[in-house]
Amino acid sequence: APARRALAEFQFAHGLYPEALAVMERVAEDDPSVDDDATFRLMRGVAHLRLGRIEEAAAELDPPSLGDSPEAALWRGMLATERGLWVAAQKAFAAGVYVVDRYPPDLRARFRLAMARTWIELKDARSARAELAALNVDQASPGERAMASLAHGRAAMLAGEAAAAKKHLRQAIDSGDRRARPWAEMALVDSDLATGAIDKVAAIEGLERLRFAWRGDDFEFRLLERLGHLHLDAGHYREGFSMLRDAVDLFPREPRVSAIS
């Protein structure tokens, strides 16, 4: 059992999460008491989270029995961002921010970006910029740099700095990053609409082009929601209600669905 656990820790540390989970499953079969080990459960929860298995990660990270260590709080914050629970994410990150710098550069960048996004979603541009200032872009991957440009752009939008917002959003778009680009294009449409550079019809046309840019997560929900309201504002009631119905049907667990339905 100690050797298997050491193997799981080695695999986990090297990002081999499916392999680590398989070994941890065998460890738990041989010794069910490991389910009471907070460190073991935290490692298992993080592995699930890194693989995008949100429900499995929540089963490990949510229970109070996991404890309230800064490490547990940090990963609970990451889980909350995946679920779109921004107030919960802010609370968790506040308890775990002190240990961010103990992690390797790639994870530090992801934590900082997640915290910046949390503050942006809570409409706090100043705090978002503080997190982005702590991000070492020289150690970030190209995708993380693109997401940082997106975050800078969205923070500038919140601060009412249209020129700076457009500059950063263009950088995210020009990066070609498959994840950051559609978010930046949607934000740029919103920025241009807010400043009067385009009207609602042009905004609808711009967002319609993004319908198949990224599917199946918070981006698609927001796009459908935004398109639905824009169509309604423009008097296109059939299209507007159709978009909102799709948002509700496709994302029944989205926290903001109740505000639509």
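Residue-wise test of (1) within 25 Å of Leu113 (Cα to Cα); (2) outside any helix (DSSP H, G or I).
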| position | (1), (2) |
| --- | --- |
| Phe10 | no, no |
| Gly15 | yes, yes |
| Met24 | no, no |
| Glu29 | no, no |
| Glu60 | yes, no |
| Ser65 | no, no |
| Glu71 | yes, no |
| Leu79 | yes, no |
If I filter segment 4-20 for residues that are in contact with a helix residue (DSSP H, G or I) (Cβ under 9 Å, 6 or more places away or on another chain), among the aliphatic types (A, V, I, L, M), free of Cβ contacts under 8 Å to residues at least 12 places away in the same chain and open to solvent by 30 Å² or more (accessible area, probe 1.4 Å), do I get at least one hit? yes
Counting only residues in segment 217-252 that are under 19 Å from Ala202 (Cβ atoms) and open to solvent by 50 Å² or more (accessible area, probe 1.4 Å), the one nearest to the chain's Cα centre (by Cα) is identified as Arg226
With the structure loaded, tell me whether Val46 is of a type outside the set (Gly, Ala, Ser), within 17 Å of Arg110 (Cβ to Cβ) and in a helix (DSSP H, G or I) or whether it fails that test. yes
Looking at segment 49-71 only, could you name the residues that are within 16 Å of the chain's Cα centre (by Cα) and open to solvent by 30 Å² or more (accessible area, probe 1.4 Å)? Arg50, Leu51, Gly52, Arg53, Ile54, Glu55
Exactly one of Arg253, Arg226 is modelled with pLDDT under 95, among the basic types (Lys, Arg) and not in a loop (DSSP other than H, G, I, E, B), and that one is Arg226
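Please note which helices (runs of 4 or more DSSP H) are completely contained in segment 111-201 and include at least 1 residues that are touching a Gly at 6+ places or on another chain (Cβ under 6 Å) and crowded, with 16+ Cβ neighbours inside 10 Å.
Working: elements: 125-133, 142-158, 162-174, 180-195.
Qualifying helices (runs of 4 or more DSSP H): 162-174, 180-195.
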Out of contact with any Lys or Arg (no Cβ under 6 Å at 6 or more places or on another chain) and closer than 26 Å to Ala180 by Cα: is that true of Arg238 in this structure? no
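How many of the residues making up segment 90-103 are of a type outside the set (Ser, Thr, Tyr) and open to solvent by 60 Å² or more (accessible area, probe 1.4 Å)? Please lay out each step first, then the result.
The first filter runs over segment 90-103 and keeps only residues of a type outside the set (Ser, Thr, Tyr), leaving 90-97, 99-102.
Of the ones still in play, those that are also open to solvent by 60 Å² or more (accessible area, probe 1.4 Å) are 91, 101-102.
Total meeting the criteria: 3.
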Of (1) part of a loop (DSSP other than H, G, I, E, B); (2) more than 20 Å from Arg117 (Cα to Cα); (3) not β-branched (Val, Ile, Thr), Gly216 fails just (2)
Consider segment 72-89. How many of its residues are open to solvent by less than 30 Å² (accessible area, probe 1.4 Å), in contact with an Asp or Glu (Cβ under 7 Å, 6 or more places away or on another chain) and of a type in the set (A, V, I, L, M, F, W, C)? 0
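The values are calculated or read from the model by the stated rules, or taken from the named source; none is laboratory data. Bear in mind that the values here come from a model prediction, so they are computed numbers and not experimental data. For neighbour counting, all protein chains shown are included, and Cβ atoms are generated from backbone atoms with ideal geometry for every residue, glycine included. Calculation scope for accessible area: heavy atoms of the full protein, side chains included, ligands and nucleic acids excluded. Shrake-Rupley method; radii C 1.70, N 1.55, O 1.52, S 1.80 Å.
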